[in-house]
Amino acid sequence: MALPKPFNWAHYSVSQKISFGYLLVSLFSLAAVIFALGALNKQTDISRHLVRVDFRALILAQNLSRNILAQERLEKQALVLKDPSLVELYSQRREEFTSFWRDLTSIPLGQQITAVQNQARRFQDMSGEMQELLQSRKWEEADNFSREQLSTLRNNNLELFQALQKDLEKSLDTTLQKLPEQSIHAYQMTLVLFFFGLLLASLVAGGLLYKFNQALRLLTSATYQITQGNYDIPPALDSHDEFGKLAQAFSNMAQKLKEMEQRSLDASPLTHLPGNLTVEKELQRRIDCELPFANIYIDLDNFKPYNDRYGYQAGNTVIAALGDIIKKVTSSLGSADDLVGHIGGDDYVILTTPDCADQIGVTIIDEFDAVVPGFYSQMDRQAGFFKAADRFGVSRKFPLLTVSIACVSSGNLKNPSPLAIGRECAKMKKHLKTLAGSNYMADRRTER
């Protein structure tokens, strides 16, 4: 079973880290809102219960207690005064008691109402009997009934309703005392959740700001180093976010600039073509990558006598013209990855693919031979040669400039190397210079 990968903050991008910070604030803010709404809903339920149950039950209990006392007062007055109007008022109080009791029993008080239920029903029944005696004007019998039975039951009911009233008042006090505490607790928890989320988001934001500052400082330093020509100090950022990728891009850019600078320093100031170092590096790369290639070596024939007769400026014009022809032909007939190098003096090298080599070599000769006459005076051009002393001081005839081109393909060598290829090209060039005119030779042999 594969173990889960450990959490690594550096592997996340800057946008993911910012999103994570916003998510923290959102989650804790949402938690704070949900908790606050839950606490508010709970307090609303408590307040609703207070209004619909406790306060209402307390008022009804108080009304029942006052109603019992009112019935007792009207009963005594009716027995003393024997006034039928008082009997009518007594009947109204009984109806009020019944209404209050019905409302009270509709409230879910549980055990609190059970304790007084039986006594209240008995009181209703006996007060009804009293009402009938009073309405029948049986004053003496009513008086005896009041003293012997109803009075005691009335007092018991009054005590029970007063006890219920005290219980309800105590419950109300307890609930009302808890409400502020619950409100304060809900307020504190809401603040804690909100500020904790804000704190975590601030830590993320602080880390990102520190990362931004560090990255900008390092990248600024790297930019300065690059402008000073120091390409070997890559930015020290190992993160996998956008800044780490930018640092890697800086490092790659510095390497490319270093290679471009080396190539520029290695390039010929006359033709601006890459020199020996670049050619050897590319040659070695193709060998290491086992890429098939053809190495075309190009050299002018009789260039020194021409340079001695017409001067170095004319010689440079010929070298530059040959370089332009080589670049044009290679660009036209070669591949996109071909390399043209000016390795010194009148020597050029082309690295191309084997299938393009022959056509490139032959075309260079055709185009160079076509422009050669223009490099000579009319007299030398008409003669087709000029006389001059050779390196040994002997006067001899030198024909017009020609070009010798030797080609060695990687497939012709068992173990190709820059040294082996250079050696084979030198042998072929030595033979070509013994031939008249411009010549192209490709080595078709295969080493065994």
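Identify, from the list SER409, SER404, SER417, SER395, the residue that is of a type outside the set (Val, Ile, Thr), in contact with a Lys or Arg (Cβ under 7 Å, 6 or more places away or on another chain) and under 16 Å from TYR297 (Cα atoms).
Answer to the selection: SER404.
Filtering segment 419-441 to residues that are in a loop (DSSP other than H, G, I, E, B) and hydroxyl-bearing (Ser, Thr, Tyr) leaves THR434, SER438.
Scan segment 378-385 and tell me whether some residue there is open to solvent by 10 Å² or more (accessible area, probe 1.4 Å), over 15 Å from ASN302 (Cβ atoms), without any contact (Cβ under 8 Å) to a residue 60 or more places away in the chain and aliphatic (A, V, I, L, M). Reasoning before the result, please.
Our first condition is that a residue be open to solvent by 10 Å² or more (accessible area, probe 1.4 Å); within segment 378-385, this holds for 378-379, 381-385.
Still in the list and also over 15 Å from ASN302 (Cβ atoms): 378-379, 382.
Those still in the list that are without any contact (Cβ under 8 Å) to a residue 60 or more places away in the chain too: 378-379, 382.
Checking which are aliphatic (A, V, I, L, M) leaves us with 379.
Looking through segment 378-385, at least one residue is open to solvent by 10 Å² or more (accessible area, probe 1.4 Å), over 15 Å from ASN302 (Cβ atoms), without any contact (Cβ under 8 Å) to a residue 60 or more places away in the chain and aliphatic (A, V, I, L, M).
In segment 286-309, what residues are part of a helix (DSSP H, G or I) and over 24 Å from LEU435 (Cα atoms)? Please lay out each step first, then the result.
Going residue by residue through segment 286-309, those that are part of a helix (DSSP H, G or I) are 286-288, 303-309.
Within segment 286-309, ARG286, ILE287, ASP288 meet the criteria.
Figure legend. Inter-residue proximity from segment 412-441: first residues farther than 21 Å from ARG286 by Cβ, second residues assigned to a helix (DSSP H, G or I) and of a type outside the set (S, T, N, Q), beta-carbon distance below 6 Å, spacing 6+ or different chains. Indicated pairs: SER438/ILE365; SER438/ASP369; ASN439/LEU432; TYR440/GLY361; TYR440/VAL362; TYR440/ILE365; MET441/MET428; MET441/LEU432. For segment 24-65, the set of residues classified as open to solvent by less than 80 Å² (accessible area, probe 1.4 Å) and not hydrophobic (A, V, I, L, M, F, W, C) consists of SER26, SER29, GLY38, GLN43, THR44, ASP45, SER47, ASP54, GLN62, ASN63, SER65, listed by residue number. For segment 348-362, the candidate set comprises residues that are over 10 Å from ILE405 (Cα atoms) and not in a helix (DSSP H, G or I); within that set, the residue that is most open to solvent (accessible area, probe 1.4 Å) is THR353. Between ALA436, ALA388, the distinction of being at pLDDT below 90, surrounded by fewer than 17 Cβ atoms within 10 Å (Cβ to Cβ) and either among the hydrophobic types (A, V, I, L, M, F, W, C) or closer than 25 Å to SER268 by Cα (or both) belongs to ALA388 only.
Per the listing ILE68, ILE107, the residue uniquely under 28 Å from LEU172 (Cβ atoms), crowded, with 19+ Cβ neighbours inside 10 Å and either in contact with a helix residue (DSSP H, G or I) (Cβ under 6 Å, 6 or more places away or on another chain) or not aliphatic (A, V, I, L, M) (or both) is ILE68. Would you mind stating whether ALA247 is farther than 30 Å from LEU218 by Cα, of a type in the set (Gly, Ala, Ser) and either modelled with pLDDT of 80 or more or in a helix (DSSP H, G or I) (or both)? No; evaluated as a whole, the condition is false for this residue.
Inspect segment 177-200 for any residue being closer than 16 Å to GLU72 by Cα, open to solvent by less than 90 Å² (accessible area, probe 1.4 Å), in a helix (DSSP H, G or I) and among the polar types (S, T, N, Q) and give the result as yes or no.
Our first condition is that a residue be closer than 16 Å to GLU72 by Cα; within segment 177-200, this holds for none.
So far as segment 177-200 goes, no, none of its residues is closer than 16 Å to GLU72 by Cα, open to solvent by less than 90 Å² (accessible area, probe 1.4 Å), in a helix (DSSP H, G or I) and among the polar types (S, T, N, Q).
The values are calculated or read from the model by the stated rules, or taken from the named source; none is laboratory data. All values derive from a computational prediction rather than experimental measurement. Don't worry about glycine lacking a Cβ; one is built from the backbone with ideal geometry, like all the others, and counts go over all protein chains shown. Calculation scope for accessible area: heavy atoms of the full protein, side chains included, ligands and nucleic acids excluded. Shrake-Rupley method; radii C 1.70, N 1.55, O 1.52, S 1.80 Å.
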